[in-house]
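The values are calculated or read from the model by the stated rules, or taken from the named source; none is laboratory data. Computed from a predicted structure; not experimentally measured. All Cβ positions, glycine included, derive from the backbone under ideal geometry; neighbour counts span all protein chains shown. To get the accessible areas, we keep the full protein, side chains included, count just its heavy atoms, and leave off ligands, DNA and RNA. Shrake-Rupley method; radii C 1.70, N 1.55, O 1.52, S 1.80 Å.
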Amino acid sequence: EVGSNDTADLNWLTNNSYVTVGTGGTLNLVFGIQPGITDIPANTGFAILGTFNQTYNTSNPSAFYDLTSIEGGLLLGNGQTTDITPTGGTLLSTSGYLNVELGSTLNIHGTLNNSDALSALYLFDSGTVVTVDNLNNNGLVWIGTGAKLFLLNQPNGITTIPVAAQFELDGACYA
């Protein structure tokens with residue numbers, strides 16, 4: 001855990017539990033760690049209320065820039081913009097959750113495959129924005145009041161909702 005207003009620089013990170021970066025805190029992955037965080041395994045997670053960076057890819061400093069798989073949990077609640085460009089073009093969530101809240105912005109440059117009834121995408125509150133090229137939802141998508149989901153390459157928007165899937169819209173979804 002990196003506390004509020006604290007800074008930590010790590011040469012390597014293996015997450016077997018839960019990593020928290022408190023409000024105003026900064027966690028930097030340094031010295032050529034590549035490609036950043038690519039997977040969030042089951043029973044692990046990240047709660048990012050501060051800043052979480054890597055120094056390898058200077059054009060996209062997010063430690064999650066190459067995230068490809070979520071079976072655990074990721075909470076982004078730092079009010080910052082996080083860009084993810086998954087390897088192979090698809091961010092797969094098979095049993096995990098992705099929470100974006102507190103006015104944070106998440107840009108997924110690829111497809112989000114929310115592929116299981118146990119997986120979920122939550123956009124919690126006003127000012128929270130998620131953009132994704134394509135969304136395949138077989139789990140839960142919940143867009144809270146004032147939150148916005150933008151589907152960049154789905155001109156017809158959400159056309160079907162599979163039987164096991166849920167799409168709850170209290171905010172806005174744009175295609």
When you go through Gly24, Gly36 one by one, which is the residue that is surrounded by 14 or more Cβ atoms within 10 Å (Cβ to Cβ), part of a loop (DSSP other than H, G, I, E, B) and touching an Asp or Glu at 6+ places or on another chain (Cβ under 6 Å)? Gly36
Qualifying residues in segment 92-129 (those that are more than 16 Å from Ala42 (Cβ to Cβ) and aliphatic (A, V, I, L, M)) - the one most open to solvent (accessible area, probe 1.4 Å): Leu102
Identify the single condition in (1) open to solvent by less than 40 Å² (accessible area, probe 1.4 Å); (2) among the β-branched types (Val, Ile, Thr); (3) farther than 21 Å from Tyr18 by Cβ that Thr81 does not satisfy, given that it satisfies every other one. (1)
Does Leu76 satisfy the condition of being crowded, with 22+ Cβ neighbours inside 10 Å, in contact (Cβ under 8 Å) with a residue 40 or more places away in the chain and touching an Asp or Glu at 6+ places or on another chain (Cβ under 8 Å)? no
Please determine whether any residue of segment 60-70 is at pLDDT 95 or above, of a type outside the set (Ser, Thr, Tyr) and within 19 Å of Ala147 (Cα to Cα). no
When segment 130-175 is examined, which residues are found to be part of a strand (DSSP E or B), over 25 Å from Pro41 (Cβ atoms) and either out of contact with any Gly (no Cβ under 7 Å at 6 or more places or on another chain) or not charged (D, E, K, R) (or both)? Thr131, Ile143, Leu149, Phe150, Leu151, Phe167, Glu168, Leu169, Ala172, Cys173, Tyr174
